[in-house]
1. Show the residue pairs that are 6+ apart or on different chains and have beta-carbon atoms under 8 Å apart, the first residue being within the stretch 75-103 and farther than 25 Å from residue 182 by Cβ, the second being assigned to a loop (DSSP other than H, G, I, E, B).
2. Please work out if residue 184 is modelled with pLDDT of 95 or more, assigned to a helix (DSSP H, G or I) and surrounded by 15 or more Cβ atoms within 10 Å (Cβ to Cβ).
3. When you check residue 211 against the structure, is it among the charged types (D, E, K, R) and away from ligand 1 (no atom under 14 Å from the Cβ), yes or no?
4. Among 151, 203, 160, which is the only one that is surrounded by 17 or more Cβ atoms within 10 Å (Cβ to Cβ), modelled with pLDDT of 95 or more and outside any strand (DSSP E or B)?
5. Can we say residue 169 is at pLDDT below 95, within 23 Å of the chain's Cα centre (by Cα) and under 30 Å from residue 144 (Cβ atoms)?
6. I'd like the full set of residues that are among the charged types (D, E, K, R), away from ligand 2 (no atom under 16 Å from the Cβ) and buried (at least 17 other Cβ atoms within 10 Å of the Cβ), limited to the stretch 48-101.
Amino acid sequence: MLSLSNGRINVPIPEDLPIPSRRFHHLRLSAENRAALEQFVDEWQYRHTFREYGFHVDQTLLFQGLPGNGKTATAEALAGELGLAFEVVNYTQIVHSYVGQTPKAIASQFQRQNQVLLFDECDSIVAKRSFIDEQVGTHARNEAVNQVLKCLDRMAGTLCVVFATNAPHAAIDPALLRRMSHKLTFPPPTPDDCRWLLEQISCRHPMIPEEVIFAAAVDHPSYAECEMQAVQRARAWLMQKLKSGNGRKRK
Ligand SMILES: Nc1ncnc2c1ncn2[C@@H]1O[C@H](COP(=O)(O)OP(=O)(O)O)[C@@H](O)[C@H]1O
Ligand SMILES: [Mg+2]
């Protein structure tokens, strides 16, 4: 753990955080998203050579989509693919009420190395800046956005930053949007996508009869809800089996 010198902000540098085991093939990704992510990973692996040849190497991505459709899971899988640790920014650690503290705390986040850092629900920190200082807090918000932009312009080393939001692009500061060359959208699942997911769940739980899992509905607003329903059905099946005395006995 490393403590920054100003005495107020303790930033854990997680040298010991594990590399996630999640990979892209564990997720249902659109062909477009998969291609963009694979290109990102390929360029990252050869980043030193790309830089030697005078090319900029992207270190940031923006994920947009309704909840439960894979933004966090994909950021984690990206870390797994890149061989980096994964961490979600804890806003309570960086949003301070004292003037000047928030920018310092944001800068310290960008000093992290060897990890994928996720700014989840990033609209709360990089919302469109307001140039009319009429609201209490507007100044602090602008200060935060400005600092994120400054940090993005100075990014180097082995930090990869993912911004994720449920909000439309219009809610995000345009200067941030301009800096993102990878903007991926995560759509809700089609019935085919749900069937793919049910198959994955069934493979993970081979002792649950397939028909129990495949009886789940295939029209859901998110992968997470589809998964939740199938898992609930499987658990209910197991409980019923246990109660009827056919399952493993209670100790
Ligand atoms: N595209 C997907 N493919 C497979 N599973 C998914 C997908 N999207 C979501 N899930 C499942 O739902 C869970 C919650 O998704 P999450 O990534 O947290 O959604 P979001 O961050 O977009 O709100 C994941 O951990 C995963 O189990
Ligand atoms: Mg999420």
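1. Close Cβ pairs (under 8 Å, with a partner that is assigned to a loop (DSSP other than H, G, I, E, B)) amount to 93/9; 96/8; 101/8; 101/9; 102/95; 102/96.
2. Numbers: modelled with pLDDT of 95 or more: yes; assigned to a helix (DSSP H, G or I): no; surrounded by 15 or more Cβ atoms within 10 Å (Cβ to Cβ): yes.
So residue 184 fails the test.
3. Working: among the charged types (D, E, K, R): yes; away from ligand 1 (no atom under 14 Å from the Cβ): yes.
Judged against the criteria, residue 211 is a match.
4. On the way: 203 fails: surrounded by 17 or more Cβ atoms within 10 Å (Cβ to Cβ); 160 fails: outside any strand (DSSP E or B).
The conditions single out 151.
5. On the way: at pLDDT below 95: yes; within 23 Å of the chain's Cα centre (by Cα): yes; under 30 Å from residue 144 (Cβ atoms): yes.
It is true that residue 169 is at pLDDT below 95, within 23 Å of the chain's Cα centre (by Cα) and under 30 Å from residue 144 (Cβ atoms).
6. 58, 81
The values are calculated or read from the model by the stated rules, or taken from the named source; none is laboratory data. Keep in mind that this is a model prediction, so the values were computed, not measured. Don't worry about glycine lacking a Cβ; one is built from the backbone with ideal geometry, like all the others, and counts go over all protein chains shown.
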